[in-house]
1. Among the listed residues ASP95, ASP108, ASP115, ASP85, which satisfies the condition of being acidic (Asp, Glu) and out of contact with any strand residue (DSSP E or B) (no Cβ under 8 Å at 6 or more places or on another chain)?
2. Among the listed residues GLY116, GLY90, GLY122, identify the single one that is at negative phi and at pLDDT 95 or above.
3. Criterion first (under 27 Å from PRO21 (Cβ atoms), out of contact with any Leu (no Cβ under 9 Å at 6 or more places or on another chain), free of Cβ contacts under 8 Å to residues at least 40 places away in the same chain and basic (Lys, Arg)) does LYS70 satisfy it?
4. Name the residues in segment 117-135 that are free of Cβ contacts under 8 Å to residues at least 12 places away in the same chain and hydrophobic (A, V, I, L, M, F, W, C), would you?
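The values are calculated or read from the model by the stated rules, or taken from the named source; none is laboratory data. Computed from a predicted model, the values in this text were never measured in an experiment. Neighbour counts run over all protein chains shown; Cβ positions are idealised from the backbone, glycine included.
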Amino acid sequence: MKYFITAVLLSVAGFVMANSPFVGRWINPSGDGVVEIYQEGNYYFGKLVELIPAQRPDGSDFIDDKNPDKAKRTQKVLGLVNFKDFVLKGSKLEDGTLYDPKSGKTYDGKMWIEDGKLNVRGYIGFFYETQVWQRQR
């Protein structure tokens, strides 16, 4: 009986995690990037899965040339995990970091959904900026 209860609880937990409203593809406000938010265990991450345009005018890939870590400046931006280690607290994702490859800066972050849109807030100290992202259809 103990194994049956454990199996049921794990199934329910898997169903709840798979149906998180945060999981999915979100388009940034400028429309030039799509981040796919996914869950691993209790943490949420976001990976750049589309860039518009997909390449530079010369046909080369966009690279993370503003990364403060010089060893990472040749990595491709497409596929980059730029939302890291968010945890669900109530109805918000908190305590994670947001990396902006356009500037090479990392911000503390928080995310929540309001009216079907993803609010992404980045902090530096007491200063913050909130962007509203659209779900990709």
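1. ASP115
2. GLY122
3. no
4. If the condition is that a residue be free of Cβ contacts under 8 Å to residues at least 12 places away in the same chain and hydrophobic (A, V, I, L, M, F, W, C), then PHE126, PHE127 are the ones that fit.
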